[in-house]
Amino acid sequence: MDEAALRKICGTVFDIQHYSIHDGPGIRTNVFLKGCPLHCLWCSNPESQDPHPQLMFRADKCTGCGACIPVCPVSAISFKEPVVQNDRAVCTACGACVDVCPNEAREIVGRMTTAGEVFDEAAQDTLFYAKDGGVTLTGGEMLFQPAFSSAILQLCKKAGIHTAIETSGFADWHVLADILQYTDLVLYDLKEMDPERHRKYTGVDNARILENLKKMSDVMNCEIWVRVPVIPGYNDDKENILATASFVKENIHNCTQIHLLPFHRLGEGKYEQLENEPNGFSGTVPDDSYMETLRGYVRDIGIDCR
Ligand code: SF4
Ligand code: SF4
């Protein structure tokens, strides 16, 4: 496909983060795509799961002034003292209520855009990329919007920009294989090795995830970093950490690093803002010495762990 056609491909993004140093080498522009087939209990970006734009409502900022009620074209807002309530079954995320709220209690998360617009915004950071930096597609699950992701990556490669993807790998192989043609580095999430626990924690089986990772190692040359979110009481047991490291050691010849990422609480308020039903998860933040103990298990197997 030529560049003009690639630029027109549409998708939904919920954030573009500049000057990141956590999601790949060097200084990076992280593009967060909306939509994910997994529903991890501990997800810190719950606004990434639904593929469509959504209303976020901060009840703690709402004064109940009522300015938003008459502007809603589908009558989704009504008083519920002392604030207002939103009927999410009819809300179309049009954004009309956001514009009139004097207290910034309302926000639409997610916007339709084109690969060309995303690329243009990222390309403004080119000076900061230096030798190692570049663009990282994340989410959500970037494989959930394969044509859009592929187009952004192709535009970056044509411009000589380093590309990374952060993915759960939960997609058909042909989808992943197409994306990998334009990817320099894969940040591959392995959340849990036991199939039953993986299903319980994320809503999906891990067989396809492990199979795709093996295939990727067998037939593709891109570098892989495996990443494990460490969630105390869920997947942080020694057996799971060792099983993950052993699987990587035995099967993934182009994985150069395993990253253990400690659970954090930054996403907690977002569940309330989306007015999601509680999912029963309650997490604790692991301390540094505990994380180092877990990293030691991986290093003992002979893999660089950070
Ligand atoms: S985003 Fe639009 S449809 Fe949804 S509550 Fe606000 S005005 Fe109504
Ligand atoms: S306009 Fe804002 S502050 Fe006023 S009722 Fe609506 S959400 Fe609350």
TODO: Just give me the residues in the stretch 94-148 being among the basic types (Lys, Arg) and either open to solvent by less than 60 Å² (accessible area, probe 1.4 Å) or within 16 Å of ligand 2 (Cβ to nearest atom) (or both), in sequence order.
DONE: ARG106
Task: Residue identified as under 15 Å from THR138 (Cα atoms) and at pLDDT below 95 among ASP50, ASP23, ASP15 - done: ASP23
Open item on the list: So ILE241 ticks every box in (1) outside any loop (DSSP other than H, G, I, E, B); (2) more than 20 Å from SER48 (Cβ to Cβ); (3) open to solvent by 60 Å² or more (accessible area, probe 1.4 Å) but one. Which box is left unticked?
Closed with: (3)
Open item on the list: Filter the stretch 185-206 down to the residues that are open to solvent by 30 Å² or more (accessible area, probe 1.4 Å) and under 18 Å from the mean Cα position of the chain (by Cα) and list them by number.
Closed with: GLY203
Open item on the list: Residues that are within 16 Å of ligand 1 (Cβ to nearest atom), at least 2 per element: which strands (runs of 3 or more DSSP E) completely within the stretch 87-166 meet that?
Closed with: 106-109, 111-114
- [ ] Would you point out the residue of the stretch 56-93, among those that are more than 10 Å from ligand 2 (Cβ to nearest atom) and among the small types (Gly, Ala, Ser), that is farthest from GLU272 (Cα to Cα)?
- [x] SER75
- [ ] Would you be able to say whether some residue in the stretch 223-234 is touching a strand residue (DSSP E or B) at 6+ places or on another chain (Cβ under 9 Å), part of a helix (DSSP H, G or I) and surrounded by fewer than 20 Cβ atoms within 10 Å (Cβ to Cβ)?
- [x] no
Open item on the list: Just the residues that are open to solvent by less than 40 Å² (accessible area, probe 1.4 Å) and either more than 8 Å from ligand 1 (Cβ to nearest atom) or in a loop (DSSP other than H, G, I, E, B) (or both), please, taken from the stretch 50-66.
Closed with: GLN54, MET56, PHE57, CYS62, GLY64, GLY66
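The values are calculated or read from the model by the stated rules, or taken from the named source; none is laboratory data. Everything numeric in this text was worked out from a predicted model, so none of it was measured. Note that each Cβ is placed from the backbone with ideal geometry, even for glycine, and that neighbours are counted across all protein chains shown. In case anyone asks, the SASA skips ligands and DNA or RNA and just uses the protein heavy atoms, side chains included. Shrake-Rupley method; radii C 1.70, N 1.55, O 1.52, S 1.80 Å.
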